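Contents: one structure, followed by commentary.
The values are calculated or read from the model by the stated rules, or taken from the named source; none is laboratory data. Model, not experiment: these values are computed from the prediction. Cβ placement follows ideal geometry from the backbone for every residue including glycine, while neighbour counts extend to all protein chains displayed. Side chains included, ligands, DNA and RNA excluded: accessible areas come from the protein's heavy atoms. Shrake-Rupley method; radii C 1.70, N 1.55, O 1.52, S 1.80 Å.
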Amino acid sequence: MSSTAISAAGLNKWFGEGEARTHAVKDLSFEARFGEMLYVVGPSGSGKTTMLSMISGILRPNSGSVRVEDTDIWSISDDRLAQFRLHKIGFVFQDYHLFPRLTTAENVAIPLILQQRPWDQALTEAAHDLEIVGLKGRADLPPVKLSGGEQQRVAIARAIVGRPDVLILDEPTASLDGDTGRNIVQFVREHILSEQRCIIIVTHDSRIYEFADRIMKMEDGRLTGFDRGELDAQ
Amino acid sequence: MRQLQMPGIYRIAFKLLVNDRTKFAALLVGITFAVFLMIEMTSLFAGILSRASATVINIGASIWVMDPSVQTVANTIPVPDYVLDEVRSIPGVKYAVPLYSGAALLKLHDGTYQAANVIGLDDSSLFGRPQLISGHIENIFAENAFIAVDDSEFYKLKGANIGAQFELNDHRGVIVGTARVISSGLFGVPTLYTTYYRAMQYIPNSRFTISYVLVEPKKPADVAAIKRQVAAAGYLALTKDEFIRKISAFYKYQTGIGTNMLIMTLISFIIGLSISGQTFYTFILENIEKFGALKAIGAKGSELVSMILFQATFVSLTGYGLGVGLCSLVIWLARLYLPDYAAMVTYTNLGLAFIMVVVIASISSYFGVRKVLTIEPFDIFRG
C-alpha cells in the first residue's frame, strides 16, 4: 500500500449558472496520507464540505481528479463508486444520522449488511466494535437512549465497522460539550487511527487542533496552507 | 441445513417500518379500512346480484325461453301457450315445460297480509322442484297444497309448518311441506311452490299465463340451434348463465345500485389511498436524511428502492389480509343477527380489492421512491 491515501488534483466545483454561479472550490490539489489525521479548517462557506464530498465520492467535481489509494474514483460507474465508498470510506456525519427505530448494534451493522454480510455475523461484529468505542452493553438500546457523546461513538463504530481505509468526520464535536468533544477526538486519535488508515476531520473547533498531524486551511474555495507540516499544495 | 433468512436490508426495512408503531398502525388502519370497505361494498353488490337471480339459480333449467322485453326474472311477461308447443317441436329439445312465477298476497292465520312469491311447477314433471326438508313431494298434488321455502323470509309466514293454512285470493292454501333452496330472493318476501295449474287457478292472471318455458336440450351442441329457432318465432332463449348475466346487467346499468356501489368502492379506494399514501410519504420524509446517509455510506439506489417497495408490499399485504378478515367477520356477525343480509365474498371481489391495494401501494411507494432517489448524499453533509 502506498503512503498516499487520497490524492486530489485540480479540483473545481461550482454551483448554478450565469450570474448566480458560485465557485465553491477552486483549483484544489493536495494529498492525505495513511497514518495521519488531517484536519480541514476554514470559515463557513470556504468550501470544506464541498471538498470533503468530492474526495469521498459523493459529489462529482466539474474538473479535476481524485484518487483514493489507486482508484480514480470519478472515472468509475455510480454503482461501483457506491461499492467503493462502502468498502473503503467510513463516514461520521455531523448529525450522526442514526436510525432511531433500530438498536445501536443494528445501526452499527448497516455497512456490513449492505456488504451482504449475514445478519447475525454483522450484529456480532457491530457489538464488538461498540466495545471498541466504549459502549459495551449498549448494543440493544435505541440511539435515543444514549447521550450525545455516546451517539457520536455509535456513529464512529458504524464508520469503522467495515474496516475502511479512509475515515471522514464532519464537525465531530459540533454537537458536544468541550470535554466530550475532546475525549471523542482523542479516542479516535488513539484507537481508530492506524498506519493503514487515514482520517480527515472537518472542524471549526480549535480546542481539538492539538490532535491533528496536519491542518489544511481553506478560504474562499482555495487551499491557503497547512499547519503542523510542510505545505503539500501543488 | 442452511436456514433461509430474509436479506439484511429487508430486515432493516422491516424494523424501520414496524418499530415506528404509530405510523405502522396508521398505515395498517388505512389499508385495512379501505380493503374492508371495498370488499364489503362489492360483496353486498354480489349478494344483491346473486339474490336477484335466485329463481333462475333455484329452478336450474338449462335454457329459459321468454319475451324479449324481460329484464329480470321477477319482471315476467307471460307468453302464449303455443310458444310451449313450438319450443317442444324444435329438433334438439329434449323436453320443455312451463313455469309460472308471480306475486301473490296471502292472508295468514292471524288475519295479517303477507306478500309472497309463488312458483308454479309443471304438473306432470315438477321440473325445478326444491329439496324438501319436511313432507313429501307427491303431496303437492293434494288439495290446496303449497310447499313453503324455509329461507331467511320463512318466518314471515308465521309458523308455516305442515298443516298451516292461509288464504290466497279467497282460496284456501295448506302447507304440505317445507323446502330449502340454493339462494334466497332479493325482495324480502317468502316463496311458495305449487303446481302450475293451481297457480293459474289461484292467482289472477292476464290472457297469457306461462311466465317462462324451461328447456332441456338433447345435447349442449343443440343450444345454439334452439336459440335461433326461438328467436325466429319472436322470443328469446337464454342459457341459465346468460339469463343471470342479463339480470346482473340490468341491476348494474339500469338501476342506481351499480353506480352507487361503484362510487362507494371508489370512495373507499380514495380513503385508503389518502391515509396510507400520506402516512407512507410522511414516513419516508422523516427518514429521508437517514436514507441519504445510507446512500453516502454506499447503498445503491436500487437497494433503497427495494427497501421502500418491501415496506409498501408488507404493509399492503398485511392490511389486505386484515381487511379481508374483518370483512368476513362482519358478514358472519351480520348474518347471525340479520338473516336477510345479502353479502357474498367472491374471488372477483377479493381480486378487485387486491388490485386496488396494489395500486394504493404502488402510488404510495412511487412518491417515496422518487424522494429517496432524488436525495443527494451531499445534502446530508451540508446539513
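Residue count for the range B:347-376, restricted to those that are part of a helix (DSSP H, G or I) and closer than 17 Å to B:L285 by Cβ: 12.
When the test is whether a residue is surrounded by fewer than 22 Cβ atoms within 10 Å (Cβ to Cβ), at pLDDT below 95, assigned to a strand (DSSP E or B) and acidic (D, E), A:E19 does not pass it.
Taking helices (runs of 4 or more DSSP H) as the structural unit, those lying wholly within the range B:15-103 and holding at least 2 residues that are among the aromatic types (F, W, Y) and either under 31 Å from the mean Cα position of the chain (by Cα) or assigned by TED's automatic domain parsing to the domain that holds B:N287 (or both) correspond to B:21-52. Counting only strands (runs of 3 or more DSSP E) wholly contained in the range B:127-222, the ones carrying 2 or more residues that are loosely packed, with under 15 Cβ neighbours inside 10 Å occupy B:131-135, B:171-180. Residues considered: A:Q196, A:Q186. Of these, the only one that is in a loop (DSSP other than H, G, I, E, B) and either open to solvent by 60 Å² or more (accessible area, probe 1.4 Å) or out of contact with any Lys or Arg (no Cβ under 8 Å at 6 or more places or on another chain) (or both) is A:Q196. Which count do you get for residues in the range A:80-124 that are more than 10 Å from every other protein chain (Cβ to nearest Cβ) and outside any helix (DSSP H, G or I)? Adding up the residues that qualify gives 1. Any residue at all in the range B:249-268 that's modelled with pLDDT of 85 or more and surrounded by 18 or more Cβ atoms within 10 Å (Cβ to Cβ)? Looking for residues that are modelled with pLDDT of 85 or more and surrounded by 18 or more Cβ atoms within 10 Å (Cβ to Cβ), one finds at least one in the range B:249-268, hence yes. Of all residue pairs spaced 6 or more apart or on separate chains, none has beta-carbon atoms under 6 Å together with a first member in the range B:50-67 that is crowded, with 21+ Cβ neighbours inside 10 Å and a second member that is assigned to a strand (DSSP E or B) and of a type in the set (D, E, K, R). Is it the case, given these coordinates, that A:A127 is within 14 Å of chain B (Cβ to nearest Cβ), assigned to a helix (DSSP H, G or I), crowded, with 20+ Cβ neighbours inside 10 Å and at pLDDT 90 or above? No, not satisfied. Filtering the range B:19-42 to residues that are small (G, A, S) and at pLDDT below 90 leaves B:A26, B:G30, B:A34.
Taking the numbered list (1) more than 14 Å from chain B (Cβ to nearest Cβ); (2) without any contact (Cβ under 8 Å) to a residue 40 or more places away in the chain in turn, A:R163 passes all entries but (1). Condition first: not acidic (D, E) and not in a helix (DSSP H, G or I). Can you find one or more residues in the range B:274-284 that meet it? Checked the range B:274-284: no residue is not acidic (D, E) and not in a helix (DSSP H, G or I). Residues in the range B:238-289 that are in contact (Cβ under 8 Å) with a residue 24 or more places away in the chain and among the aromatic types (F, W, Y): B:F243, B:F250, B:Y251, B:F269, B:F280, B:Y281, B:F283. Among the residues of the range B:269-305, those that are within 44 Å of the chain's Cα centre (by Cα), among the aliphatic types (A, V, I, L, M), closer than 21 Å to B:K15 by Cβ and open to solvent by 10 Å² or more (accessible area, probe 1.4 Å) comprise B:L285, B:V305.
Candidates in the range A:173-217 are the residues that are in contact with a Ser or Thr (Cβ under 7 Å, 6 or more places away or on another chain) and under 20 Å from A:Y96 (Cα atoms); of these, the one that is nearest to the other protein chains (Cβ to nearest Cβ) is A:V202. All of B:A342, B:A353 fail the test of being at pLDDT below 85 and crowded, with 16+ Cβ neighbours inside 10 Å, apart from B:A342. Residues in the range A:44-79 that are within 10 Å of chain B (Cβ to nearest Cβ), more than 22 Å from B:S302 (Cβ to Cβ) and open to solvent by 10 Å² or more (accessible area, probe 1.4 Å): A:K48, A:T49, A:T50.
The rows are residues; the columns are (1) open to solvent by 80 Å² or more (accessible area, probe 1.4 Å); (2) away from chain A (no Cβ under 12 Å); (3) over 14 Å from B:E40 (Cβ atoms).
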{"position": "B:F310", "(1), (2), (3)": "no, yes, yes"}
{"position": "B:V324", "(1), (2), (3)": "no, yes, no"}
{"position": "B:C327", "(1), (2), (3)": "no, yes, no"}
{"position": "B:L333", "(1), (2), (3)": "no, yes, no"}
{"position": "B:L336", "(1), (2), (3)": "yes, yes, yes"}
{"position": "B:T348", "(1), (2), (3)": "yes, yes, yes"}
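Please specify each residue of the range B:356-373 satisfying the condition of being away from chain A (no Cβ under 14 Å), of a type outside the set (G, A, S) and surrounded by fewer than 18 Cβ atoms within 10 Å (Cβ to Cβ). Result: B:V358, B:V359, B:I363, B:Y366, B:F367, B:R370, B:K371. None of A:A32, A:A82, A:A8, A:A24 is more than 29 Å from A:V188 (Cα to Cα), crowded, with 16+ Cβ neighbours inside 10 Å and not hydroxyl-bearing (S, T, Y) except A:A24.
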